[in-house]
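Notes follow once the structure below has been shown.
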Amino acid sequence: TGDIVTHSTQKKWDIVSQQLQLLCYPTILVPGNHDMGDRKLYQKLNGISDSTFIKNNDVFLILDNTKNGWNLTKKQQKLLKLSLKKLNTKSRLFIFGHNVLWQDVYPCAKSNSLAGQGPENLFWKEIVPILKKLPNKVYWFAGDVGASSQSNNVSLINIKNISLITSGMGNYIHDNYLQVKVMACLLYTSPSPRDGLLS
C-alpha cells in the first residue's frame, strides 16, 4: 500500500522487481508519494495506478490517492461508481490506497506524512456517506504509517459496515505487514418447527 521505494529510480524499481519475483503469488502495487516521485517511470514500469477487478464475488479497487490533494479525481469517482455496480449480495468491497484519509478524525491512525494533502478532506463528505449506504461490508486499507515514532503501526476502525485499516513500513521503526485471510461468507438459516425438523 505505497512507498514501495524511497526514491523512484530505475535502479530502485529493479531491486523491487527482483524481490517480488521471489514470492510465490501475484502482487498488485498501490502507489505512495515516494513511488510517484517519478510518475512517468512508475506508469512505464507498473502500468496504470487506478484499477478495479472482481475475484470470487468480491470487488477490489486500487486507488492512487497521492494526487488531487488526497481527494478522488473525477476519473477515480467514476471508477468507484463502477466498482459499486459490480457488487452483488455476496460481495465485499476491498479498497486500497496509500494515504490515511481518516487520520484527521482518528489520531490512532496518524500517518507518516501529510505530503500532498490539500486544504480540504472530502473523504467524510463525499465517500463515507456512499459507502455507509451499502448493504455490503467495505474494507479500506491505507499504508502510510509505521515509518516514524509519531505514527502508529497498525490500526482498525469500524464505522457501521466500513472497516478502516492501516499498515505500513519505513525506517525500520514500526515496520509491519498484514496477512489477511478472506473467508467465504456462509449463510445459515435455522429450520422452523413446522418443517418437522426440530423436536
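Miscellaneous remarks
- Candidates GLY37, GLY146, GLY47: whichever shows maximal mean-square fluctuation once the chain is modelled as a Gaussian network with Cα springs under 10 Å: GLY47
- Positive-end extreme of charge dipole, the chain - chosen from MET36, GLN10, LEU164 (charges on Cβ): LEU164
- Among beta bridges from DSSP that stay inside the chain, the antiparallel ones total about 40%.
- Intensity falloff of region 1-159 expressed as log10 I(q)/I(0), Debye formula with alpha-carbon point scatterers, at q = 0.20 Å⁻¹: -1.45
- The relative contact order of region 14-68, computed from alpha carbon pairs under 8 Å that lie at least 6 residues apart in sequence, is 32 percent.
- Cβ-based net charge around SER167, under 13 Å, with every Lys or Arg adding one and every Asp or Glu removing one: -3
- A 1.4 Å probe run over the protein chains yields, for the chain, 62 Å² of accessible area per residue, whole-number rounding.
- Rounded to 5, percent antiparallel among DSSP beta bridges of region 49-121: 55
- Comparing PHE53, THR66, SER111 along the charge dipole axis of the chain, the residue lying farthest to the positive side is PHE53, per the Cβ-charge model.
- Other residues with beta-carbon under 10 Å from the beta-carbon of HIS7 carry, at +1 per Lys or Arg and -1 per Asp or Glu, a net charge of 0.
- THR73-TYR106 FRET efficiency (beta carbon distance; Förster radius 25 Å; 0.05 resolution): 0.55
- Dipole magnitude for region 1-119: computed about the Cα centre from +1 point charges on Lys and Arg Cβ and -1 point charges on Asp and Glu Cβ, it is near 500 debye.
- Dipole check for the chain: with +1 at the C-beta of Lys and Arg, -1 at the C-beta of Asp and Glu, and the Cα centre as origin, the magnitude is about 800 Debye.
- Of the residues ILE127, ILE173, ILE15, the one that moves most in a GNM of the chain with alpha-carbon contacts below 10 Å is ILE15.
- Calculated Rg and Dmax of region 26-89 using C-alpha coordinates, Å: 12.8, 40
- For VAL154, solvent-accessible area (1.4 Å; no DNA, RNA or ligand), Å²: 70
- With every protein chain in place, the chain: carbon and sulfur % of accessible area (1.4 Å): 56
- Exceeding the 21 Å Cα-Cα cut-off - candidates LYS133/LYS160; LYS78/LYS160; LYS75/LYS160; LYS90/LYS133: LYS78/LYS160; LYS75/LYS160
- Added length on full extension, which subtracts the Cα-Cα distance from 0.36 nm per residue, ALA115 to VAL180: 20.6 nm
- ILE173 versus THR89: modelled label distance in nm, points set 7 Å from Cα along the beta carbon direction: 4.8
- With Cα atoms, 0 to 90° folded angle of helix 10-20 axis to the chain main axis: 30
- Summary value for region 1-101: 31 percent relative contact order, contacts being C-alpha pairs under 8 angstrom separated by 6+ residues.
- Expressed to the nearest 5 percent, the antiparallel share of DSSP beta bridges inside region 1-97 is 55 percent.
- Among LEU156, LEU164, LEU93, the residue with the largest mean-square fluctuation in a Gaussian network model of the chain, with springs joining Cα atoms closer than 10 Å, is LEU156.
- Within the shell of other residues whose beta carbon sits under 13 angstrom from the beta carbon of SER51, the net charge comes to +2, with Lys and Arg scored +1 and Asp and Glu -1.
The values are calculated or read from the model by the stated rules, or taken from the named source; none is laboratory data. All of these numbers come straight from a predicted model, not from anything done at the bench. Note: ideal-geometry Cβ built from the backbone for every residue, glycine included; neighbour counts use all protein chains shown. Side chains are part of the model used for accessible areas, which takes the heavy atoms of the whole protein and leaves out ligands, DNA and RNA. Shrake-Rupley method; radii C 1.70, N 1.55, O 1.52, S 1.80 Å.
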